[in-house]
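Data block below; observations after.
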Amino acid sequence: MPSVVRTQRTIRKSLALVSAAALVIGLAACGGGSSGSVTGSTTITVWHGYTDVEAEALKKLGAQWNTEHPNGKVNLVFDGGNDGALQKTIAGFTAGKAPDVAYEYGSSVAALSRQPKLVDLTERVKDPAFKWDDFFVSEREASTVNGKVLGVPALVDNLSLVYNETLFEQAGVPLPTPDWSWSDFRSAAAKLTDKQKKTFGWAYVNDGSEDTVWRYLALLWQAGGDLLTPDNTKPAFDSPAGLAALDQLKQMAVTDKSVYLDSGNGNYLNLFNSGKIAMLWTGPWDLSSINEDVKYGVTLLPGYNGDHQTISGPDLYMMFNNSDAKVDASWDFVKWLISPEVHLQFAIDTGDLPVRQSETELPDYQKFLTKYPGNKVFVENLKNVKHARPNIASYNEVSTAVGKMVQSVMIGQSEPQAALDSARDEVTGVLAGS
Amino acid sequence: MTVVSPGTSLSRRRLLPGSSGSGGRRPRNRATADQLAGWGFVAPSVLLIGLFGLIPVIWSFVISFQRNDLQTPAEWVGLKNYRQLADDPVFAESIRHTVVYTALFVPITLVASLLVAAALNRRIRGISIYRLAVFIPVVTSTVATGVIFTWLLDPDYGLVNAGLNKVGLPSQGFFSAPNQALFTVVGMTTWGWIGFGALIYLAALQAVPSDLLEAAQLDGCTKAGAFWRIQVPLMRPVSGFLLVWLTINALQLFDEVFVTTKGGPLHSTTVVVYYLYQQAFQFFHAGYAAAMACLLFVAIAVITLVQMRLTREEASG
C-alpha cells in the first residue's frame with residue numbers, strides 16, 4: 001500500500017485536495033458514484049487516483065492512445081485518490097456505474113475478487129506476446145488470488161533505507177552500508193539521536209494502519225518468520241521471528257528513544273527535510289519531495305543474519321466486465337500501457353520504478369537513471385522482494401490487528417510477547433470468522 | 001437548517017397576531033390555501049429528505065438483517081448481526097468512548113458558548129472582529145482543523161509542548177497517548193463548536209427585550225444578576241435546541257477522529273460511527289455496520305425525545 005504514503009505527500013502539498021478526497025469518501029458512503037460519460041460503444045472508462053506528475057503523464061499517454069485509436073478511445077476519470085479507490089469502485093458497482101478498468105492497491109485485490117463483474121485475466125496473461133514472466137515476481141504474486149490472475153501490475157516499489165549524509169557526518173557516524181545488521185542500525189540511530197537538538201535516528205509511521213504494518217513485515221520476513229501459515233488459515237507471526245522483530249522496534253523506540261513516531265500525517269518527511277531525522281525506511285515516491293539542499297543516500301534495509309529482504313506494495317489495473325467488446329478494448333489499452341517502451345516513458349516522466357524487468361535493458365533506461373539517481377538502489381532492491389502479503393479478503397482486518405500490536409509496543413504500552421499473544425488471538429478470530 | 005429553527009419560532013410569534021387580525025373573511029378556504037402553500041414550500045425538502053434520508057435509513061434497517069459485503073448477493077441472517085454486536089468488545093468500547101465524549105463535549109460547549117456570547121454582547125470598538133474570530137473555526141474545514149491540530153500537538157515538535165516546556169511543564173502525548181487522545185479530541189471539537197453555540201446565544205441575547213432588563217435594573221438588580229436570572233432563563237428554548245443539536249452531533253462524531261487519530265492509538269478514540277465506518281468500508285461487513293447504525297439511530301432518537309421533553313417542561317414550568 002505505497003500510495004497511502006503517496007497521498008500523505010499530497011496532504012503536505014494541498015489541504016484542499018485532501019478535503020476533496022474526504023468528500024469522495026462521503027460520496028462513496030452515500031452510495032453515489034459519478035463516472036465519466038460513456039460515448040460510443042467502444043469508449044472505455046478508466047478510473048485512476050493519480051495526482052501531480054503522474055496524472056499528467058497518464059493523461060499524455062491517454063491522449064496519445066486516443067489519437068492512434070479513433071475507434072477505441074479511452075476516457076480517463078480521476079476517482080478522487082488511490083486511497084479511496086476500493087471504496088469508490090464498490091460504490092460504483094452498487095450504483096450500477098462500474099468502470100471498465102480501475103487502478104487499485106494490491107491489498108484490495110482479494111476484496112474485489114468477490115466481485116461478479118471482475119474479469120479473470122489468467123488466460124489472457126498466458127499470451128506469449130504479453131510476456132507475463134517479464135514482470136517482477138512480487139508483482140505477479142500480488143496480482144494472483146487462489147491461482148487466478150485478477151489484475152496486472154500498474155506500479156511497483158519497495159522499502160529501502162534513505163539517509164541524510166550531513167547528519168551522519170556531523171555525528172561522526174560512518175554511513176550505512178548494504179550489509180548493515182539490525183544492531184548496526186540500532187546503534188547508529190541511537191548515536192544520531194540528540195535530545196537537546198531534537199534529532200532522531202529513525203522515523204516510524206505509527207498510526208496502526210498498513211503503513212505501520214508493512215515495515216514490521218519486512219523485519220518479520222528477514223528474521224525468517226511469516227504473517228500467516230502457508231494456507232492462510234492461521235496466524236504465524238507469534239514466532240521467535242515475530243518476537244525478534246518486535247523486540248528490535250521496542251529497543252529502538254522505548255529503550256533508546258531514537259525513533260520519531262509519526263502520527264500518520266506524514267510529518268516525518270518535513271522533519272527529514274529540516275535535518276531532524278537521519279534515516280527513513282521509505283519508497284521511491286518520497287524522493288521527489290526531498291529538498292534539493294538535503295544530501296541523501298539510498299541503500300538496502302539493514303538485515304538479520306545477512307537477510308536484507310524488503311517488502312513491495314505493487315498496485316494493479318483491474319478490469320470489470322460491462323460488455324465483451326469493452327473487455328477486449330480494455331485489455332488492448334492496458335497491454336499497451338504496461339508494454340516496456342510505453343511504461344518506461346511513464347517512468348521517465350514520473351520517477352515511478354519500471355514494472356517490467358525488460359525496461360531496464362532499453363536504451364532509454366539510462367535517461368531514467370540520470371534523471372532519478374536515487375532510484376537506482378530501489379530498482380536493484382526489487383530483487384530482494386521475496387514475500388508477498390497474503391491475498392485474502394480479510395487482509396484489512398488482519399492488518400488492523402497487527403497494526404495495533406506494533407503500535408502498542410512502540411508507545412511502550414505492551415511488552416512484545418503480550419502484544420503478540422493478543423494479536424494472535426485476534427487474527428485467529430478474524431480468520432475463523434471469514 | 002439549524003440556525004433557522006430558533007429564528008422561525010421567534011418570527012412566527014411576532015407574525016401570528018398580525019395575520020389573525022387581518023384575515024377573517026373566509027377562514028376555511030384561507031386555511032386550506034395556506035396549508036397547500038405550506039406544503040408547496042416544504043415539498044422540495046420533504047422530497048430531498050425522503051430520498052436521501054428516509055430511504056437510506058429504511059435500507060440500512062433491511063441490510064442489518066443480512067450478511068452483506070456490498071458486492072456479492074446478500075444472505076439473510078436474521079438477528080445474527082445484533083447478537084454478534086452484544087459480544088463485540090470493540091463495540092462496547094466504542095460506546096463507552098462515545099458516551100464519555102458526549103458527556104464532556106456537550107456541557108463544556110454549552111457553557112463556554114453562553115459565556116462567549118455574553119462577552120460578545122456589548123457595543124465596543126471592533127466587536128465585529130471579535131465575533132468573526134470566534135466564528136471562524138465553525139466555517140473552517142474539519143480536515144484543515146485536524147491537520148493543524150496534529151501539528152500543533154505533535155509530542156516532539158509541536159508548538160504546544162514547546163510552550164509547556166518553556167514554563168517548566170512536561171511534554172504531553174496528546175493524540176499519541178491512549179489516555180489523552182479522547183480528551184484531546186474533546187478539546188479540539190469544543191474549540192470548533194463554540195463559535196456556533198455563541199452565534200445562536202448571541203442572537204437570543206439580543207432578542208431579550210431591553211425593557212425587562214431596564215426594569216430589573218430599576219429594582220436594583222446587578223448586571224450579572226440580570227444575566228443569570230432574566231436572560232439565561234428566557235433563553236431556555238435556545239439552550240434546549242443547542243443541547244439537542246450538540247448531543248446529536250457528539251453521538252455522530254466521525255470526521256475529527258478520521259483526520260486525526262483514525263480511532264487510535266489502541267482504539268482509544270474509536271467511537272461508534274468510526275467503528276461503523278471501519279466495519280462497512282474497510283472490512284466490508286455492511287450488514288454488521290448497518291446493525292450498529294440502526295442501534296445508534298434508536299439511541300439518538302430516544303435521547304433526543306427525552307431531552308426535548310425535559311427542556312419543554314422546564315420552559316413551560
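The values are calculated or read from the model by the stated rules, or taken from the named source; none is laboratory data. Predicted model only: the values in this text are computed from it and were never measured. All Cβ positions, glycine included, derive from the backbone under ideal geometry; neighbour counts span all protein chains shown.
Remarks
- Screening B:LEU132 on (1) over 30 Å from B:SER210 (Cβ atoms); (2) not in a loop (DSSP other than H, G, I, E, B) shows it passes everything except condition (1).
- Applying the set (1) surrounded by fewer than 22 Cβ atoms within 10 Å (Cβ to Cβ); (2) within 14 Å of another protein chain (Cβ to nearest Cβ); (3) among the charged types (D, E, K, R) to A:ASP262 leaves exactly one unmet item: (1).
- B:GLN180 vs. criteria away from chain A (no Cβ under 14 Å) and surrounded by fewer than 20 Cβ atoms within 10 Å (Cβ to Cβ): no
- Candidates A:ASP238, A:ASP231, filtered to the one that is more than 14 Å from chain B (Cβ to nearest Cβ), acidic (Asp, Glu) and closer than 18 Å to A:ALA401 by Cα: A:ASP238
- Test: residue in the stretch A:266-284 that is touching a Pro at 6+ places or on another chain (Cβ under 7 Å), modelled with pLDDT of 95 or more and farther than 23 Å from A:LYS195 by Cβ: no
Rundown of residues vs (1) away from chain B (no Cβ under 14 Å); (2) more than 21 Å from the chain's Cα centre (by Cα), yes/no style:
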position	(1), (2)
A:LYS276	no, yes
A:ILE290	yes, no
A:THR299	yes, no
A:TYR304	yes, yes
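- Within the stretch A:78-87, the residues that satisfy the criterion of being buried (at least 20 other Cβ atoms within 10 Å of the Cβ) and more than 10 Å from every other protein chain (Cβ to nearest Cβ) are A:ASP79, A:GLY80, A:GLY81, A:ASN82, A:ASP83, A:ALA85.
- Filter result for the condition that a residue is more than 30 Å from A:LYS326 (Cβ to Cβ) and surrounded by fewer than 24 Cβ atoms within 10 Å (Cβ to Cβ), over A:LEU118, A:LEU175: A:LEU175
- Matching residues in the stretch A:139-172 - criterion: being acidic (Asp, Glu), modelled with pLDDT of 95 or more and touching a Gly at 6+ places or on another chain (Cβ under 8 Å): A:GLU165
- Any hit, the stretch B:148-160, residues being exposed (fewer than 14 other Cβ atoms within 10 Å of the Cβ) and either in contact with a helix residue (DSSP H, G or I) (Cβ under 8 Å, 6 or more places away or on another chain) or in a loop (DSSP other than H, G, I, E, B) (or both): yes
Quick grid of which residues meet (1) loosely packed, with under 10 Cβ neighbours inside 10 Å; (2) part of a helix (DSSP H, G or I); (3) more than 14 Å from chain A (Cβ to nearest Cβ); (4) at pLDDT 90 or above:
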| site | (1), (2), (3), (4) |
| --- | --- |
| B:ASN29 | yes, yes, yes, no |
| B:GLY38 | no, yes, yes, yes |
| B:ALA43 | no, yes, yes, yes |
| B:GLY78 | yes, no, yes, yes |
| B:ASN81 | no, yes, no, yes |
| B:HIS97 | no, yes, yes, yes |
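- Within the stretch A:303-349, tally of residues that are over 30 Å from A:ALA241 (Cβ atoms), among the polar types (S, T, N, Q) and part of a loop (DSSP other than H, G, I, E, B): 4
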